[in-house]
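Peer 1: Have a look at this one before I ask anything.
Every read-out reported here was derived from the displayed coordinates using simple, explicitly stated rules and does not represent laboratory data. Values in this document were obtained by computation on a predicted structure and should not be read as measured data. We place every Cβ from the backbone using ideal geometry, glycine too, and count neighbours over all the protein chains shown.
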């Protein structure tokens, strides 16, 4: 019997993104867009009194501002944010976190510990986890093709 020399990630803590960026609920969409551009990120947590109350994504900007032709410098984060539907704690099994994301039809899952926001799991984090798992198990022979798939996951087909 061959002994496996690796420890596969099994809980959210192992794959979550710990560097989270927050914006106050009364900041404008323009301020948030500048932060997202500067940091190279696609979402921000919206906080009120340092407590997370929602999340704003690039999709929110398109659907709730651009499509409605609203003035970006006047729209407040609290007006376009999506409420946090569910969370996980760092010791939640990855499979449970995935099921919560599927059940709530979300692409980002906030990770909370003792009432504090400590991370986020995104579909990209899950894709990278899957790639690593497959590579470790020797099931993926061409890692470049998988990398290309991850890079194009969020692109529109048209």
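Peer 1: For the range 61-135, build the convex hull from the C-alpha positions and give me its volume per residue in Å³.
Peer 2: 125
Peer 1: Where does each of 113, 137 land when they are ranked from fewest to most other beta-carbon atoms within 10 angstrom?
Peer 2: 137, 113
Peer 1: List the relative contact order of the range 12-151 as a percent without decimals, with contacts defined as Cα pairs under 8 Å and 6+ residues apart.
Peer 2: Relative contact order for the range 12-151 comes out at 25 percent.
Peer 1: Moving on to the next point. Could you work out the equivalent-ellipsoid semi-axes for the range 20-75, taking the square root of 5 times each eigenvalue of the Cα gyration tensor, largest first, in whole Å?
Peer 2: 18, 13, 10
Peer 1: When ranked by the protection proxy of mean other Cβ atoms within 10 Å per residue, highest first, what sequence do the peptides 14-20, 51-57, 74-80 form?
Peer 2: Ranking, from highest mean packing down: 51-57, 74-80, 14-20.
Peer 1: Sticking with this structure for a sec: Quick one: order 105, 63 by neighbouring beta-carbon count within 10 Å, fewest to most.
Peer 2: With the sparsest Cβ surroundings first, the list reads 105, 63.
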